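> Please see the structure below; I have some questions.
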Amino acid sequence: MRLPEKPPSDEELQKLLVGITDPATIARYRQYVDIVNNEYLHWDELPVDTRFKGINLKELWSIVKLVRGFNARIVKFNGTTLTYIQTPNIEKSLHDLDMRVGGKIVLEAQIPGPELRKKYLVNSLMEEAIASSQLEGAATTRAVAKKMLRENRKPRNPSERMIVNNYITMRYIKEHSEPRLTIDFIKEIHRKITNGTLEEKQYEGMFRTDNEVKVLSRDDGTQIYDPPDYKLITQFLEQVCNFANSEPVGYYLNPFVKAILLHYMIGYIHPFNDGNGRTARALFYWYLIVQKYDYLEYVAVSTAIKNAPARYTFAYLYAETDNNDVTYFVKFNLRQIDIAVRSFEKYVEKTKTETKKIFEAIQHNPKMNFRQADILITMSKNEQPITISEMKERYSITYETARTDLYDLVRREYLHKIIQGKQFVFLLDKEKCLSDGTGKRLMS
């Protein structure tokens, strides 16, 4: 893997700035400085950008860094200084996200009805669990993984175990959200997310005890990052918890930015032997849920990150090589969050016709509930049987409720059941559905 070129040192840039005194020279650079800072480009990107052909890049970069320094917001962790600049593009992205995903009113307008919200939530948690695991090397396909989660089948290999762990952890965060971040909570998240997947059981929920852990490129094994000394982990994380639980003095950080910085700092500290990326992304979700961005529970951000793995790595490396300027990492993550939100919005729009059919069917047949109407539509499309366990997982309900739903559909002859192995399997009776008024509404 090609590593990004590290920018010139601060000492070299200061010497260059001393020599730039001519107002005409400064004016000539201004348009290029605006391009670099508005798009927030890294030094590594400048030589290949034809817009800067013929420009003295080191002189340009010296002015860029001077301007960035005037606008930087400083966050300190145990002697490590992060800088963040809220560019106009970032400010616009944050405003757009706040308008689209902030608050209960937005959620209820987009997804009316608790049963529909529950259905979307379960689907989102599954998608997030799968994508976050695949980012860390899980080799199971999305289709197989989703079928496993819906059927509540036991994992057959380490990749499937990773996905199940992620799913359990995401549900745990949703159901047991702590109002404050603590080291014990970070360890618990890691313990759940790595259960049965590490070389040594004792590593689950435990900080690394040496400096042997290195971050390597997945494609060719190149070392791309060397984490801080293991002796500093507890100190670092205590300050990360303080950062999450309080507001900075002198400036404001949008909750999305704080969540992204939590994500970055877990990757930067790399407190565990393995599972740091999954833990970081889980804590990103935790923070936004605590901050009442309920809509984000339905958005699988890791699916967008998974589709840009090289840019994800470079976002980390750009920040790390430029004196921990996390603006690069914020810029990347906001873009992927926007992609994930748009994808979910399209999914909601796409399923509106089905949702309308469900509510119409319930209106004409009050004895049928949302889950029953929805599962009949699903089974008519995929022509696959369903089990009680799958019904339970699909709608996040108890086993008894799932059993009651399916047996009621059998009693009314929409489904019939057969024994397959050691369990009952439920099959759609399509002829009955098409001859029945409710069934016609659902399947037309």
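The values are calculated or read from the model by the stated rules, or taken from the named source; none is laboratory data. Quick caveat, the model's predicted, so the values are computed rather than measured. Here the Cβ positions follow ideal geometry from the backbone for every residue, glycine too, while neighbour counts run over all protein chains shown.
> May I ask you to list the residues in the range 409-423 that are out of contact with any helix residue (DSSP H, G or I) (no Cβ under 7 Å at 6 or more places or on another chain), surrounded by 15 or more Cβ atoms within 10 Å (Cβ to Cβ) and modelled with pLDDT of 90 or more?
Of everything in the range 409-423, just one residue is out of contact with any helix residue (DSSP H, G or I) (no Cβ under 7 Å at 6 or more places or on another chain), surrounded by 15 or more Cβ atoms within 10 Å (Cβ to Cβ) and modelled with pLDDT of 90 or more, namely 410.
> A further question follows. Output the number of the condition that residue 83 fails; it satisfies all remaining conditions of (1) within 16 Å of residue 345 (Cα to Cα); (2) at pLDDT 90 or above; (3) crowded, with 16+ Cβ neighbours inside 10 Å.
For residue 83, the failing item is (1).
Every residue, every condition in (1) closer than 30 Å to residue 94 by Cα; (2) outside the structural domain of residue 84 (by TED's automatic domain parsing); (3) not in a helix (DSSP H, G or I), yes or no:
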residue: 205; (1), (2), (3): no, no, yes
residue: 219; (1), (2), (3): no, no, yes
residue: 232; (1), (2), (3): no, no, no
residue: 251; (1), (2), (3): yes, no, yes
residue: 272; (1), (2), (3): no, no, yes
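> When both residues are 6+ apart or on different chains and their Cβ atoms are under 7 Å apart, which pairs have a first residue that lies in the range 326-354 and is in contact (Cβ under 8 Å) with a residue 40 or more places away in the chain, and a second that is among the basic types (Lys, Arg) and in a helix (DSSP H, G or I)?
Every condition considered, the pairs that remain are 341/100.
> Let me ask you something else. Which residues, counting only those in the range 361-392, are over 14 Å from residue 429 (Cα atoms) and surrounded by fewer than 19 Cβ atoms within 10 Å (Cβ to Cβ)?
Selection gives 363, 364, 365, 366, 367, 369, 389.
> May I pose another question? Kindly provide the set of residues from the range 128-139 that are surrounded by fewer than 22 Cβ atoms within 10 Å (Cβ to Cβ) and not in a helix (DSSP H, G or I), ordered by number.
Listed by number, the residues that qualify are 136, 137, 139.
> Condition (residue is among the hydrophobic types (A, V, I, L, M, F, W, C), more than 30 Å from residue 231 (Cβ to Cβ), surrounded by fewer than 17 Cβ atoms within 10 Å (Cβ to Cβ) and assigned by TED's automatic domain parsing to the domain that holds residue 291) applied to the range 23-40: is it met by at least one residue?
no
> Residue 99 is checked against (1) hydrophobic (A, V, I, L, M, F, W, C); (2) assigned by TED's automatic domain parsing to the domain that holds residue 237; (3) closer than 30 Å to residue 239 by Cβ and fails just one. What number does that condition carry?
Among (1) hydrophobic (A, V, I, L, M, F, W, C); (2) assigned by TED's automatic domain parsing to the domain that holds residue 237; (3) closer than 30 Å to residue 239 by Cβ, residue 99 violates only (3).
> Among the residues of the range 237-281, how many are at pLDDT below 95, touching a helix residue (DSSP H, G or I) at 6+ places or on another chain (Cβ under 8 Å) and on the phi > 0 side of the Ramachandran plot?
Looking only at that region, the number is 1.
> Also, I was wondering about something else. Please determine whether any residue of the range 6-22 is of a type in the set (Val, Ile, Thr) and under 30 Å from residue 229 (Cα atoms).
Within the range 6-22, none of the residues are of a type in the set (Val, Ile, Thr) and under 30 Å from residue 229 (Cα atoms).
> Here's a follow-up. What about residue 292, is it of a type outside the set (A, V, I, L, M, F, W, C), modelled with pLDDT under 95 and either farther than 30 Å from residue 198 by Cβ or crowded, with 23+ Cβ neighbours inside 10 Å (or both)?
For residue 292, the condition - of a type outside the set (A, V, I, L, M, F, W, C), modelled with pLDDT under 95 and either farther than 30 Å from residue 198 by Cβ or crowded, with 23+ Cβ neighbours inside 10 Å (or both) - is met.
> Residues being in a strand (DSSP E or B) and within 30 Å of residue 28 (Cα to Cα): count how many of those fall in the range 75-100.
Residues that pass the stated criteria total 2.
> For residue 314, state whether it is without any contact (Cβ under 8 Å) to a residue 60 or more places away in the chain, within 28 Å of the chain's Cα centre (by Cα) and closer than 30 Å to residue 62 by Cβ.
no
> Could you please give the count of residues in the range 316-330 that are crowded, with 24+ Cβ neighbours inside 10 Å and more than 21 Å from residue 95 (Cβ to Cβ)?
Total meeting the criteria: 2.
> Could you check how many residues of the range 147-180 are more than 17 Å from the chain's Cα centre (by Cα) and either of a type in the set (Ser, Thr, Tyr) or not in a loop (DSSP other than H, G, I, E, B) (or both)?
Counting residues in the range 147-180 that are more than 17 Å from the chain's Cα centre (by Cα) and either of a type in the set (Ser, Thr, Tyr) or not in a loop (DSSP other than H, G, I, E, B) (or both) gives 10.
> What tally of residues in the range 20-57 results from selecting those that are without any contact (Cβ under 8 Å) to a residue 40 or more places away in the chain and assigned to a helix (DSSP H, G or I)?
19
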